[in-house]
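Asker: Structure in structure tokens, see below.
Every number here is computed from the coordinates shown, using simple stated rules; none is lab data. Computed from a predicted model, the values in this text were never measured in an experiment. Cβ: placed from backbone, ideal geometry, glycine included. Neighbour counts: every protein chain shown.
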Amino acid sequence: MAFKRIIAVLIVLNGQLVKSYGYNFHRPAGALPTALRELDTWALDEIMVLDISRRESIDPLVVRQIREACVYSPIIYGGGIRDISDIQTLLSAGCERFLLETLYLRSPETVKRISDLVGGQALILSVPLVSKVGQGLVLRSSSSNDSSSPLPLNEIAETIAASPASELLVIDAVAEGHGGAFCLTSFDDIELIEGSKGIIWFGGLNGDIAEGLLTRRSTVGVAFGNVCSEKELAILRVRRGIAQAVQQRYLRRLCL
Amino acid sequence: MTRVGILNLGGGNIASLVNVFDSLGTGVIVCEKENKFLPSELDLIVIPGVGSAGSAMSCIHNSYFNDFLTHFNESKKPVLGICLGAQLFFSHLDESDCLGLGWIEGSVSAIKNFPFYNTGWSYLDYSQLRAANLHRSLSRSPAVYFNHKYLLPSFNVGASSQTDQVGSIPAIAVRENIVGFQFHPEKSQAQGRIILRNLLRDYFGL
């Protein structure tokens with residue numbers, strides 16, 4: 001089947017491309033359309049635009065910027081998707097895969113309707129995790145207004161497995177922005193969601209950690225955020241290092 | 001100028017297809033269910049694909065698309081199907097347990113012995129591309145992007161990767177004026193655009 005993927009994540013806050021550190025501290029990182037075109041030229045496997053503004057709807061400014069970039073790489077969009085009309089707006093901008101955050105927990109029936117429209121292969125569920133003493137891995141709340149107790153992973157594992165989405169974006173929400181700090185696979189709980197769907201790992205990865213993750217059967221991809229907005233071609237150097245380390249086993253050769 | 005019509009079945013990424021055909025210098029028209037087009041107005045029809053087989057066939061049957069496609073095929077005019085669009089060419093679609101267009105015999109079934117969707121990049125077989133006259137200017141291992149769970153039952157060009165657990169997978173099915181791509185050329189970067197250009201120029205002669 002297909003090679004595993006290196007995915008570039010462009011993080012957007014209030015319409016602005018940023019570098020993010022634990023979702024709490026952010027620094028401007030240039031223009032989104034420029035970053036999209038550069039990553040398209042460098043031929044990454046997929047590009048994810050992740051809006052962390054915690055909006056109740058998708059940001060029309062971000063949608064317009066994606067449309068204007070007009071890239072020929074697969075684009076995943078995440079952030080603020082609430083219903084089918086959002087999906088149709090994003091399709092018209094050139095996105096074909098969609099990251100669903102709280103929607104799959106709040107309204108599984110809406111996810112089913114979206115899946116009937118675009119297919120399960122177009123849907124990815126966001127699973128941002130933190131570890132809590134005595135509870136193991138729990139879902140990190142995506143809303144600053146959400147004061148309810150965080151959901152343990154073992155309580156949502158069935159919901160995740162039953163969803164029509166094809167893949168999961170599993171995020172180490174504490175390590176995000178801190179390269180080398182990823183540690184989710186050291187928790188036994190993680191096995192609750194491995195196997196039901198393909199997993200894309202994100203949050204605090206570096207080359208060494210990514211090499212190890214690529215060997216896991218459940219892994220279909222690894223995602224990098226801030227490094228995409230660092231020095232030019234930094235993400236390509238990371239990719240080249242990983243490919244050499246795994247002897248080109250899991251990744252396609254780039255044709256640049 | 002070549003006139004390309006893209007059928008809007010409701011769930012596909014039409015924008016990317018419009019962009020890529022526009023970049024190849026063709027005229028592009030998005031055919032909506034509500035606005036009827038005549039076959040004589042178009043040189044090539046593209047059936048895009050995302051969504052479920054059942055809803056796509058329902059959309060075709062409940063609109064002028066059905067007669068339109070029948071006329072196009074019977075007059076041997078070029079038709080390109082992409083992903084789900086390619087699967088619709090066949091006689092039966094297991095995903096929704098419904099009939100396809102029936103232009104090519106075969107049943108589109110799910111990938112066996114593999115728990116996930118086939119999402120990502122694989123290399124097309126260059127020698128098979130050459131046999132289909134789609135190889136010009138491509139690298140010797142052209143990688144293209146797939147995102148599907150169901151397989152074309154017959155094919156002319158296969159694709160593979162070094163991680164292969166199920167062997168070569170169907171990538172391109174060809175029968176005279178009908179060409180089906182299981183992968184997404186509009187999302188396969190430079191190699192995808194070259195394959196589309198070869199299809200228009202070398203295979204269809206447009």
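Asker: Considering only DSSP beta bridges with both partners in chain A, what is the antiparallel share in %, to the nearest 5?
Answerer: Of all bridge pairs located within chain A, approximately 25 percent are antiparallel.
Asker: Once you keep just the Cα pairs under 8 angstrom separated by 6 or more residues, what percentage relative contact order results for chain B?
Answerer: 19
Asker: Please give the FRET efficiency for A:Asp83 paired with A:Asn14, using the beta carbon to beta carbon distance and R0 = 22 Å, rounded to the nearest 0.05.
Answerer: After rounding, the FRET efficiency stands at 0.50.
Asker: For the protein assembly as shown, report the convex hull volume of the alpha-carbon atoms normalised per residue, in Å³, without decimals.
Answerer: 131
Asker: Something else: Using a cut-off of 11 Å between beta-carbons, work out the net charge of the residues near B:Asn198 (Lys and Arg +1, Asp and Glu -1, B:Asn198 not included).
Answerer: Here the count lands on +4.
Asker: Quick one: compute the contact order of chain A, relative version, from alpha carbon pairs under 8 angstrom and 6+ residues apart, as a percent.
Answerer: This gives 20 percent for chain A.
Asker: OK, next. If amide hydrogens are placed 1.01 Å from N in the peptide plane, which non-local residues have theirs closer than 5 Å to the one on A:Leu125?
Answerer: The list, which skips near neighbours in sequence, is A:Leu100, A:Glu167, A:Leu168, A:Leu169.
Asker: What is the local net charge at A:Ile190, summed over the other residues whose Cβ is closer than 12 Å to its Cβ (Lys, Arg +1; Asp, Glu -1)?
Answerer: -4
Asker: Across region B:1-116, what fraction of all alpha-carbon pairs, as a whole percent, falls in each successive 10 Å bin from zero upward?
Answerer: 13, 46, 31, 8, 1
Asker: Between B:Ile104, B:Gln128, B:His92, whose Cα lies farthest towards the positive end of the dipole of region B:66-128 when Lys and Arg beta carbons carry +1 and Asp and Glu beta carbons carry -1, centred on the Cα centre?
Answerer: B:Gln128
Asker: Another question, if that's okay. In region B:1-102, which trypsin sites (Lys or Arg not before Pro) are in a loop and have at most 10 other Cβ atoms within 10 Å, using DSSP for the loop call?
Answerer: The qualifying sites are B:Lys76.
Asker: Gaussian network model of chain B, Cα springs within a sub-10 Å range: biggest mean-square fluctuation belongs to which of B:Gly100, B:Gly25, B:Gly81?
Answerer: The residue that fluctuates most here is B:Gly25.
Asker: Can you tally the net charge around B:Leu124? Count Lys and Arg as +1, Asp and Glu as -1, for every other residue whose Cβ sits under 11 Å from the Cβ of B:Leu124.
Answerer: +1
Asker: In addition: Show me the GluC sites (Glu not before Pro) within region A:166-256 that DSSP assigns to loop and that have at most 10 other Cβ atoms within 10 Å of their Cβ.
Answerer: Here the GluC sites (Glu not before Pro) that fit, given the DSSP loop and packing criteria, are A:Glu232.
Asker: While we're here: Could you size up the charge dipole of the protein assembly as shown around its Cα centre, putting +1 on the beta carbon of Lys and Arg and -1 on that of Asp and Glu, and report it in debye to the nearest 20?
Answerer: 1160
Asker: Using a Förster distance of 25 Å, how high is the FRET efficiency between A:Gln135 and A:Arg37, based on the Cβ-Cβ distance and rounded to 0.05?
Answerer: 0.05
Asker: Explain nothing, just compute: Karplus ³J(HN,Hα) = 6.51 cos²θ - 1.76 cosθ + 1.60, θ = phi - 60°, for every residue of region B:124-130 in order, whole Hz, x for Gly and Pro.
Answerer: Each residue's phi maps through the Karplus curve to give 6, 6, 5, 5, 6, 4, 5 Hz.
Asker: Report, for the protein assembly as shown, the % of DSSP beta bridges that are antiparallel, rounded to 5.
Answerer: 35
Asker: Okay, next question. With contacts defined as alpha carbon pairs under 8 Å and 6 or more residues apart, what's the relative contact order of region A:118-195 in percent?
Answerer: Once divided by the residue count of region A:118-195, the mean separation gives 39 percent.
Asker: To continue, here is another question. Which residue, A:Gly94, A:Gly120, A:Gly30, tops the fluctuation ranking in a GNM of chain A built on C-alpha contacts under 10 Å?
Answerer: A:Gly30
Asker: Turning to a different aspect of this structure: How large is the dipole of chain A about the Cα centre if only Lys and Arg carry +1 and Asp and Glu carry -1, each at its Cβ, rounded to the nearest 20 debye?
Answerer: Computed about the Cα centre, the dipole is about 640 debye.
Asker: Right, another one. Express the Stokes-Einstein translational diffusion coefficient of region B:93-150 in µm² s⁻¹, to the nearest whole number, given a Kirkwood radius over alpha-carbon pairs, 37 °C and a viscosity of 0.692 mPa s.
Answerer: It diffuses with D of about 237 µm²/s by this estimate.
Asker: Right, here's the next one. From the phi of every residue in region A:176-189, what ³J(HN,Hα) in whole Hz does the Karplus formula 6.51 cos²θ - 1.76 cosθ + 1.60 yield, where θ is phi - 60° and glycine or proline is x?
Answerer: 3, x, 10, x, x, 9, 4, 8, 4, 6, 7, 9, 4, 3
Asker: With chain A treated as a Gaussian network of Cα nodes joined by springs under 10 Å, which of A:Asp172, A:Asp51, A:Asp83 yields the largest mean-square fluctuation?
Answerer: Taking springs between Cα atoms under 10 Å, the residue moving most is A:Asp83.
Asker: With just the Cα atoms defining each centre, how far is region B:187-206 from region A:31-103? Give it in Å.
Answerer: 26
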